[in-house]
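*Asks:* My questions will all concern the structure given below.
A short reminder: the numbers here are calculations on the coordinates, not readings from a lab. What you see is a predicted model, and the numbers here were worked out from it, not measured in a lab. FYI the Cβ positions are ideal-geometry reconstructions off the backbone, even for glycines, and counts take in every protein chain you see.
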Amino acid sequence: MNRRAQVSLGCLVEIAINDELTPTQLQAAFSKAFAAIHDVNALMSFHHPDSDVGRFNRAASGSALTLDPRTISVLACAQQVHQHSAGLFNVAAASRLAQWGLLPNENDGVIPSFQAQHLLYRIVAEDTVEKLSHGWIDLGGIAKGYAVDQAISALERLEIHSAYVNAGGDLRVIGDSIEVWLRDPFQPNNMKQKIKLTNAALASSGAYFSRKVVETTEVSALVDGINGSAIVNCAGYSIIAKQCVYADALTKVLAASGNLNHPCFSYFDAEAFII
C-alpha cells in the first residue's frame, strides 16, 4: 500500500493506493487526488474570504451569485439532508459558531442572527444560487466528505481499483476492505471500536475536541439546526454510507437527534453508530 499525506481542509489528509502502478503513474494519481481535495478547500472554506462561501456570506439578501458547480453540488446535498432531517442539519448555523468564537468574525462585523430551519439560499441553475435573506453559511459539516468523494472520483477516473482517502476521520474506501477504529468519546485520544469498511464511506463527529465554555454556557462545533443549541454530550457519532458527503452531513443529524433509527438514515441508505 502506497501512502501520501498533506494538510488540507483543516486536517491531515491521507491517501493510500494499493494498485500496482509505475512510480510515474502513482505520482500522477496522488497529484490528481490531492488537487481535488485542495480545490474543494479553496472553494468552500469559511476562512477564505474569496471562496464561494466567503462571497456568499458577504452578498446582500436577494443577490444572485455565480458559484462553481462543485459548490452548487454541495449546497444541493445540504438541501437534501436539511429537508429529510426536518431541519436538524442546517448550514445556516454558521452565525451560531461565530457567536461562540468557533468561526472567525471577519472584520469584526455584526454577526447575523441564527435562522432556524432556514437554508438562506435557492439553487437557480448549476452555477447560480440566490441568497434569500441576510445570514451566513458554513459548509464545514459536509464539504470535507464531498472532498473525499472528489478525490476518490479522481482515482477512479485513472482506473484505480483499490484505495482509500481519509480526511481527519472522514474516509471512503474502494476495492479492498480496511479496518477502521472509532474513537472513544470519553478518552478521545484512545480508540474503542473496530469496524471493517468495504466500498463505502465513514464519517464521525463528536463534541469532545471543540467543547468549551462561553459566558458560563458550554458550547461546541455541533449545532442543532432546528433550535440553534450546542450539542455538548460525551458521545461519538458515526455514519456509514455509500458517499462520504452524506456520511459527513448525517453525523450531525445523528448528534442532534440521538436517534439511531431516524428515517433520514434509511432514506440515504446509511447505518448509524453511537459510542
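*Asks:* Given 4 °C and 1.567 mPa s, compute D for region 59-131 with the Stokes-Einstein relation, Rh being the Kirkwood radius over Cα pairs; round to the nearest whole µm²/s. Write out the running numbers ahead of the final one.
*Replies:* Working: Rh = 13.3 Å.
My calculation gives 98 µm²/s for D.
*Asks:* Further, regarding this structure: If you average over every viewing direction, what projected area does the convex hull of the Cα atoms of the chain give, in nm²?
*Replies:* Details: hull surface 56.5 nm².
Across all orientations, the chain yields a mean hull projection of 14.1 nm².
*Asks:* Now a separate question. Considering the alpha-carbon set of region 1-128 alone, what are its Rg and its Dmax in angstrom?
*Replies:* 17.8, 54
*Asks:* Using only the alpha-carbon atoms, how far is helix 23-44 inclined from the longest principal axis of the chain? Give it as 0 to 90 degrees, nearest 10.
*Replies:* 10
*Asks:* List 15, 195 from most exposed to least, where exposure is judged by having the fewest other Cβ atoms within 10 Å. It would help to have the intermediate numbers written out before the result.
*Replies:* Details: 15 24, 195 14.
The most exposed by this proxy come first: 195, 15.
*Asks:* Excluding residues fewer than 8 places away in the same chain, name every one of the lysines whose C-alpha is closer than 16 Å to that of residue 196.
*Replies:* 242
*Asks:* Which of 89, 209, 56 comes first, and how do the rest follow, when ranked by fewest Cβ neighbours within 10 Å? Mind showing how you got there, number by number?
*Replies:* On the way: 89 31, 209 10, 56 22.
Sorted ascending by nearby Cβ count, the order is 209, 56, 89.
*Asks:* Taking 37 °C and 0.692 mPa s as the conditions, I'd like the Stokes-Einstein D for region 195-275 in µm²/s, using the Kirkwood hydrodynamic radius from alpha carbon pairs. Write out the running numbers ahead of the final one.
*Replies:* Details: Rh = 13.0 Å.
Taking Rh from Cα pairs, D becomes 252 µm²/s.
*Asks:* Another question about this same structure. How high is the relative contact order of the chain? Use alpha-carbon pairs under 8 Å, at least six apart in sequence, and give a whole percent. Show your work: numbers first, answer last.
*Replies:* On the way: 597 pairs, mean separation 52.5, N = 275.
With pairs under 8 Å counted, the relative contact order is 19 percent.
*Asks:* How high is the FRET efficiency from residue 35 to residue 218, r the C-beta distance, R0 30 Å, rounded to 0.05?
*Replies:* Numbers: r = 39 Å, r/R0 = 1.31.
Efficiency at R0 = 30 Å is approximately 0.15.
*Asks:* Exposure proxy check: 19, 269 ranked by fewest other beta carbons within 10 Å? Walk me through the numbers before you get to the answer.
*Replies:* Values: 19 17, 269 11.
The order, fewest Cβ neighbours first, is 269, 19.
*Asks:* Shifting gears a bit: Can you give me the Cα centroid spacing of region 57-80 and region 1-51 in angstrom?
*Replies:* Result: 24 Å between the Cα centres.
*Asks:* Please compare each pair in 144/212; 131/252; 212/252; 32/131 to a cut-off of 30 Å on the Cα-Cα distance and tell me which ones are over it. Kindly include the intermediate steps, with their values, before the conclusion.
*Replies:* Numbers: 144/212 23 Å; 131/252 24 Å; 212/252 18 Å; 32/131 33 Å.
Long pairs (Cα-Cα over 30 Å): 32/131.
*Asks:* Hey, another quick one. Projected onto the charge dipole of the chain (+1 at Lys/Arg Cβ, -1 at Asp/Glu Cβ, origin at the Cα centre), which of 185, 79, 158 gives the Cα projection farthest towards the positive end?
*Replies:* Farthest along the dipole direction, towards plus: 185.
*Asks:* Still on this structure, I have one more. In whole angstrom, how far apart do the alpha carbon centroids of region 237-275 and region 90-161 sit?
*Replies:* 19
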